[in-house]
Amino acid sequence: MDSAIGSQLQTCKPSNGMLGNPAQNGATILDSNAPPSVVAADATLGRHLARRLVEIGVKDVFSVPGDFNLTLLDHLIAEPGLKNIGCCNELNAGYAADGYARSRGVGACVVTFTVGGLSIINAIAGAYSENLPVICIVGGPNTNDYGTNRILHHTIGLPDFSQELRCFQTVTCYQAVVNNLEDAHEQIDRAISTSLKESKPVYISISCNLPAIPHPTFTREPIPFSLSPRSSNKMGLEAAVEAATTFLNKSVKPVIIGGPKLRVAKACEAFVELADACGYPIGVMPSAKGLVPEHHSRFIGTYWGAVSTSFCAEIVESADAYLFVGPIFNDYSSVGYSLLLKKEKAIVVQPDRVVIANGPAFGCVLMKDFLQALAKKVNRNPTAFENYQRIFIPDGVPTKSDPKEPLRINIMFQHVQKMLSSSTAVIAETGDSWFNCQKLKLPEGCGYEFQMQYGSIGWSVGATLGYAQSVPDKRVISCIGDGSFQVTAQDVSTMLRCEQKSIIFLINNGGYTIEVEIHDGPYNVIKNWDYTGLVEAIHNGEGNCWTKKVRNEGELIEAIGTATGEKKDCLCFIEVIVHKDDTSKELLEWGSRVCAANSRPPNPQ
């Protein structure tokens, strides 16, 4: 993830040398001169919000217009450093802000009251689950309508305007309802600073008649946040490192595994520092792929229980000590709760907590500090990696196919692998792409994102839009199943408007394959679309777009050659037609175990 945002927030200071004093709520309160008696016409709430978004690193805002947010959008598009990306629906706007935040460190979206807010809330919940700071801005009712017992449009027909707010309370870390100008400055800054500190989405509702009104609190340019960095309890840190060092140094064959919370803890570099020092084999949990360097000399692959990279699970589960850094153990990552791990062998490091085996536990210890301190204390022990080298057999290659025979999934991903470089990034949709993309070997600098905790099908279309917008120097390669694509297909249109050059592989196998392997039924079969025809209709001769339907390896090789050559500056959409039962072996195993977990009978009462 781009680290520029974090470093900017920690180091930037106001030009006049005044430093902010963080309030209890995390916003920066600054001394200022008395406001002038005449307020400048541009000293408005809308301008302040736009400038604040630019200051924290947002260059693009994903929006769907509605009558309650139109005046606010006027002020956002008037800001030179901010670009409005109009999306086809609110769900995709939220997914785009999610994808944008993954690369840039923060994202923002703007929708209208209730009909827009309740449409985008699924995407905001996903961002919450993935610890992504997304600023969700909603245009709210006119200030004069609050407390009047009036019924407004875009509501459920009750004079209570709090329904949307109540819905957002469980999927955001802070909610601000701005319906007067006196505290608008404080509310906006408190919400944004909280999002950055907590690395979670926030909700900001702004009354539709406020953005254009000048107010003295907006007279000055927004001064960059000076957020107080969190620090570890020194005694707790020393005790945690001592206990972990004793535990690890007496073990014979320890291993280290990276988890998804490395991102929120901003500890990826510290993880590598410890990995370099300790000599242990390095694995990664599936939801942390892309956060741990796969080009490291001791990287052994993905630890995912029964569907791990070959020989990885054997080394991890036979170890006498495993150091899990930022893990999330849920039913999916544990393959239906079937991991062969023992708590008494584990050290679990969370963003602000360390637990050694069955105890002791140390709170107020930041992951980054702990890893860096442990790297200086732990003994180097390459025993488990030497064991790995002894048992390792290089992966086989798929059975060679005739260039004209029907294309197989494993052949397709063999060719996708060859496309990867430091100038590409992979977006994997929920479904069998989880498993096939997990097996890709990422070269240094290659990005990788997927949404495992929330697992909302269709996420990847909006996420591809947002991620590609945030890193125009990378070419995004998205692998999307046909069922997922049908949920959110419209915003291919927005990719074309933004002149993006992503390559989308649409895997057409006739249904919800991941659901088939968990529990099959007629509801998993979908209506087939002419996907390339659909994208051509969306293209409609405007923008750079190229589509191709492929049925065999020869056609796939030709299509990839065109997409990476003659059409390298186009949005390329390649529909890959495969058999409905053609899945990865990992999905077959994973699906049966998740099915077993879902089918457990109730415990006796």
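The values are calculated or read from the model by the stated rules, or taken from the named source; none is laboratory data. Everything numeric here is computed off the predicted structure, so don't read it as measured data. Every residue, glycine among them, receives a Cβ derived from its backbone with ideal geometry; neighbour counts consider all protein chains shown. Remember, those area values only see protein heavy atoms, side chains included, never the ligands or the DNA or RNA. Shrake-Rupley method; radii C 1.70, N 1.55, O 1.52, S 1.80 Å.
Is it the case that some residue within the range 339-347 is among the acidic types (Asp, Glu), under 18 Å from Lys250 (Cα atoms) and open to solvent by 20 Å² or more (accessible area, probe 1.4 Å)?
yes
If we scan the range 162-173, do we find a residue that is modelled with pLDDT under 95, open to solvent by 10 Å² or more (accessible area, probe 1.4 Å), among the small types (Gly, Ala, Ser) and outside any helix (DSSP H, G or I)?
The answer is yes; a qualifying residue exists.
How many residues, within the range 98-131, are charged (D, E, K, R) and open to solvent by less than 10 Å² (accessible area, probe 1.4 Å)?
Number of matching residues: 2.
Would you check which residues across the range 218-245 are in contact with a strand residue (DSSP E or B) (Cβ under 9 Å, 6 or more places away or on another chain), over 14 Å from Gln372 (Cβ atoms) and in a helix (DSSP H, G or I) and list them?
Hits for the range 218-245 are Phe218, Gly236, Ala239, Ala243.
Output the number of residues of the range 520-572 satisfying the condition of being out of contact with any Leu (no Cβ under 9 Å at 6 or more places or on another chain), open to solvent by less than 60 Å² (accessible area, probe 1.4 Å), touching a residue at least 40 places away in the same chain (Cβ under 8 Å) and within 18 Å of Leu496 (Cα to Cα).
4
One residue is enough: does the range 337-345 have a residue meeting the conditions of a type in the set (Phe, Trp, Tyr) and in contact with a strand residue (DSSP E or B) (Cβ under 8 Å, 6 or more places away or on another chain)?
No, the range 337-345 contains no residue that is of a type in the set (Phe, Trp, Tyr) and in contact with a strand residue (DSSP E or B) (Cβ under 8 Å, 6 or more places away or on another chain).
With the checklist (1) at pLDDT 95 or above; (2) open to solvent by less than 10 Å² (accessible area, probe 1.4 Å); (3) in a loop (DSSP other than H, G, I, E, B) in hand, flag the one item Ser205 doesn't pass.
(3)
Picking from Lys567, Lys527, Lys501, Lys580, which residue would you name as being touching a Cys at 6+ places or on another chain (Cβ under 7 Å), assigned to a loop (DSSP other than H, G, I, E, B) and of a type in the set (D, E, K, R)?
Of Lys567, Lys527, Lys501, Lys580, the one residue that is touching a Cys at 6+ places or on another chain (Cβ under 7 Å), assigned to a loop (DSSP other than H, G, I, E, B) and of a type in the set (D, E, K, R) is Lys501.
Quick check, is Leu196 within 18 Å of Gly107 (Cα to Cα), modelled with pLDDT of 95 or more and either in a helix (DSSP H, G or I) or out of contact with any Pro (no Cβ under 7 Å at 6 or more places or on another chain) (or both)?
Judged against the criteria, Leu196 is a match.
Could we say that Lys234 is within 19 Å of Ser199 (Cα to Cα), open to solvent by 40 Å² or more (accessible area, probe 1.4 Å) and either at pLDDT 95 or above or touching a Pro at 6+ places or on another chain (Cβ under 7 Å) (or both) here?
In short, no.
Name the single residue that is farthest from Leu506 (Cα to Cα) among those in the range 387-435 being at pLDDT 95 or above and among the hydroxyl-bearing types (Ser, Thr, Tyr).
Restricting to residues being at pLDDT 95 or above and among the hydroxyl-bearing types (Ser, Thr, Tyr), the top hit is Tyr388.
Testing Arg220 on (1) at pLDDT 95 or above; (2) closer than 13 Å to Leu45 by Cα, one condition comes back false. Which one is that?
(1)
Select from the range 291-327 the residues that are open to solvent by less than 40 Å² (accessible area, probe 1.4 Å) and among the small types (Gly, Ala, Ser) and list them in ascending order.
Selection gives Gly301, Gly305, Ser308, Ala313, Ala319, Ala321, Gly326.
Just to be sure before I move on: is Thr424 surrounded by fewer than 24 Cβ atoms within 10 Å (Cβ to Cβ) and among the polar types (S, T, N, Q) in the structure I sent?
So Thr424 fits the description; yes.
Test Asn410 against the stated conditions and say whether it is among the polar types (S, T, N, Q), touching a residue at least 24 places away in the same chain (Cβ under 8 Å) and open to solvent by 20 Å² or more (accessible area, probe 1.4 Å).
yes
Can you give me the ranges of the helices (runs of 4 or more DSSP H) entirely in the range 293-403 with at least 3 residues that are over 30 Å from Thr583 (Cβ atoms)?
367-375, 383-391
Suppose we filter the range 578-592 for residues that are touching a Pro at 6+ places or on another chain (Cβ under 8 Å) and either aliphatic (A, V, I, L, M) or closer than 30 Å to Thr494 by Cα (or both); how many remain?
Here the count works out to 1.
Are any residues in the range 504-523 modelled with pLDDT under 90 and either among the aliphatic types (A, V, I, L, M) or in a helix (DSSP H, G or I) (or both), and if so, which ones?
Correct list: Thr513, Ile514, Glu515, Val516, Glu517, Ile518, Tyr523.
Please work out which one of (1) open to solvent by 10 Å² or more (accessible area, probe 1.4 Å); (2) closer than 30 Å to Lys266 by Cα; (3) in a helix (DSSP H, G or I) is the condition Asn84 fails and give its number.
With (1) open to solvent by 10 Å² or more (accessible area, probe 1.4 Å); (2) closer than 30 Å to Lys266 by Cα; (3) in a helix (DSSP H, G or I) applied to Asn84, the lone miss is (3).
Kindly provide the set of residues from the range 573-582 that are open to solvent by less than 60 Å² (accessible area, probe 1.4 Å) and modelled with pLDDT of 90 or more, ordered by number.
Phe573, Ile574, Glu575, Val576, Ile577, Val578
One residue is enough: does the range 379-400 have a residue meeting the conditions under 29 Å from Ser318 (Cβ atoms), open to solvent by 20 Å² or more (accessible area, probe 1.4 Å) and within 26 Å of the chain's Cα centre (by Cα)?
Within the range 379-400, none of the residues are under 29 Å from Ser318 (Cβ atoms), open to solvent by 20 Å² or more (accessible area, probe 1.4 Å) and within 26 Å of the chain's Cα centre (by Cα).
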